[in-house]
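Let me begin by presenting the structure, written as structure tokens, before commenting on it.
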Amino acid sequence: MNQNADLLRKLKTIVGDDYVLTDKEDLIVYECDAETLDTALPDIVVLPATTEQVRDVIVVAREYGISITPRGAGTGLSGGATTISGGISLVLSRMTKILSVDPTDSVAVVQVGATNLSVSQAALPYGLYFAPDPSSQIASTIGGNVAENAGGPHCLKYGMTTAHVLGLKFVMMDGSIVKIGGKTRDLLSLDLLGAIVGSEGTLGVATEATLRLIPRAQAVETMLAYFETVESCGQAVSDIVAEGIIPAAMEMIDNLTLNAVEDYLHMGLNREAAALLIVELDGPEIGIAVHRKICEEVVQKNRSIGLTWATDDVHRTKIWKARKVSFGALGRIRPNGYVLDGVIPRSKLAQAIKQIHEIGLKHQLIVANVYHAGDGNLHPCILYHRDNHEEVNRVVAAGREILELCVELGGTLSGEHGIGVEKMLEMPLVFNEADLLAMRWLKESFDPDELANPAKMIPTPRACGESGRPLSRHQMMSSTC
Ligand SMILES: Cc1cc2nc3c(=O)[nH]c(=O)nc-3n(C[C@H](O)[C@H](O)[C@H](O)COP(=O)(O)OP(=O)(O)OC[C@H]3O[C@@H](n4cnc5c(N)ncnc54)[C@H](O)[C@@H]3O)c2cc1C
């Protein structure tokens, strides 16, 4: 435990006694994020309230050679905020202020601990909103969204977080505070913003974000359709895009998930359907009726066994609730779920679904499936009991096979949840040594002492278990290091 008395005194002077936590019962709250296969206690939890406090904590951490792992709400699904090498868990959740909403320039400036949803709520009176909408938006923070380059159902049409971040206030690992970007897109200088968005806290700490807001659509139409087979549902998704329509969202859930949701919500879902598809269209009043008709025809051509359109906003919210509660509802089947995040070309959807099912059978595991189907982003969720170590081994092996499958099908490891500690060892499936070296150079130039969220994203000998910490998953998979 790195709890040097001098260090603690200095940290308390910066943020106040109440905001430095060292008792085991306090630390345990921060031992992982929503990916619970990898856990590790931080040595110290520090909760700053301002950019200057973040800077001072970083300076002190550097003085003592202790690492810093930034943390927002801890809803990450790749172990990004887990202090796998110990050190300080730097929790930004006190920094929740919406600093300004500028309806003329359609921009909001917020502290990074503000939740995703609170930004759209603040923009609502101006008819604007922040487009990236992770299903965790009620809790996940803008800092976490930026660091993970978060997506969400509506990112199919509007793009990921990176398309909506205009600027950042960012504390570098030498303690300097830099402002990158601003209220307009900077297209001239080196794209540091592009490097930082999605860097998972491995380059430094963001404290404020300038975000692009977009106008709410004039009209929205939401369809819920059922299918007898997963294949016909997948085909309908491809056919809608082939018609030249980019829906705001296209989300799919399988029969197992659908039944778990119905058990929870009792909203009258068709329990017999092999797959449920939600298609949302938005845009000007004029034109949306045409797209609605085309989508309906495509779905019917693919032998849908039931179709309904939201009649009003209340109905629409109900339909979306079915999708948004799906991971939580699966907790009724097993207490733990390992959510994967592989991406495949949309045309391979049916094949991937079949092979994922076979991987589940082979390892005698229950695998539920939720998909951002429009962009081929799969979220197979392997259900298990965390205390059953033998089962956990099978979960890890099946998870790796699913990721290998995604890569074999021409896809990649992550669509939105990031690499973190969870997929770090799979990085060589996609990147060669030269690619990884280029990433290491970037990391080293921002963080030469390797104190920013170490042992994450980029596989290195240290990340593969030389930190002296027990890395349960890494030990199991160490032969791939
Ligand atoms: C039920 C559920 C549904 C989800 N749905 C989606 C979804 O639809 N789309 C999606 O993309 N994700 C989804 N996620 C994953 C997760 O919510 C996102 O990755 C989210 O962006 C994480 O935000 P957070 O505040 O919880 O960050 P954390 O989990 O606390 O941290 C995530 C990463 O960001 C880094 N970080 C946090 N704050 C900062 C900062 N200020 N500066 C630098 N680095 C920082 C951390 O070090 C870590 O690497 C879901 C998660 C759950 C549990």
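Read-outs: derived from the displayed coordinates by stated rules, not from any lab. Computed from a predicted model, the values in this text were never measured in an experiment. Glycine also receives a Cβ, built like all others from the backbone with ideal geometry; neighbour counts cover every protein chain displayed.
Key figures
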item	result
Normalised contact order of segment 334-408, rounded percent, pairs of Cα under 8 Å and 6 or more residues apart	41
Charge context of Ile278, other residues only, Cβ under 9 angstrom, K/R +1, D/E -1	-1
Sequence-distant residues sharing a close amide H with Leu166 (under 5 Å, placed H)	Thr210, Leu211, Arg212
Within-14-Å neighbourhood charge of Leu21 [Cβ basis; K, R +1; D, E -1]	-3
Alpha-carbon spread of segment 285-361, three principal axes, descending order, Å	45, 31, 23
Convex hull volume per residue for the chain, taking Cα atoms only, in Å³	147
Spin-label pair Arg271/Asn4, simplified geometry with 7 Å Cα→Cβ offset, distance in nm	6.1
Computed [θ] at 222 nm, helices only, for the chain once each DSSP H run of length n ≥ 4 contributes -39500 (n - 2.57)	-10000 deg cm²/dmol
Prolate/oblate/rounded label for segment 219-328 (Cα gyration tensor, a/c 1.5)	oblate
Inter-site label distance for Leu187 and Asn393 at 7 Å from Cα along Cβ, in nm	5.6
Residue-wise HN-Hα coupling along segment 167-179, computed from phi with Karplus coefficients 6.51, -1.76, 1.60 (Hz; x: Gly, Pro)	x, 9, 9, 9, 9, 6, 6, 9, x, 7, 9, 10, 10
Net charge contributed by nearby residues that have their C-beta within less than 14 Å of Asp105 (K/R +1, D/E -1)	+2
Contour minus Cα-Cα distance for Val325 and Asp18 (0.36 nm per residue)	107.1 nm
Given the chain, longest segment not containing exposed loop GluC sites (Glu not before Pro) (DSSP; at most 13 other Cβ within 10 Å)	1-242
Antiparallel bridges, percent of DSSP beta bridges restricted to the chain (to nearest 5)	90
Interatomic Cα distance distribution for segment 334-408, bins of 5 angstrom, percent	3, 17, 32, 24, 13, 7, 3, 0
Cα-centre dipole for segment 178-311 with unit charges at Cβ (Lys and Arg positive, Asp and Glu negative), debye to 20	500
Alpha-carbon Rg/Rh ratio, for segment 149-271, with Rh computed the Kirkwood way	1.12
Value of relative contact order over segment 118-238, rounded to a whole percent, pairs C-alpha under 8 Å and six or more apart	28
Loop-resident sites, segment 324-382, for trypsin sites (Lys or Arg not before Pro), counting at most 13 other Cβ within 10 Å (DSSP)	Arg332
Note, ³J(HN,Hα) from phi for segment 272-287, Karplus 6.51, -1.76, 1.60, rounded to Hz, x at Gly and Pro	7, 5, 6, 8, 10, 10, 10, 10, 10, 10, 9, x, x, 3, 6, x
Only Lys, Arg (+1) and Asp, Glu (-1) charged, at Cβ; the chain dipole about Cα centre in debye	400
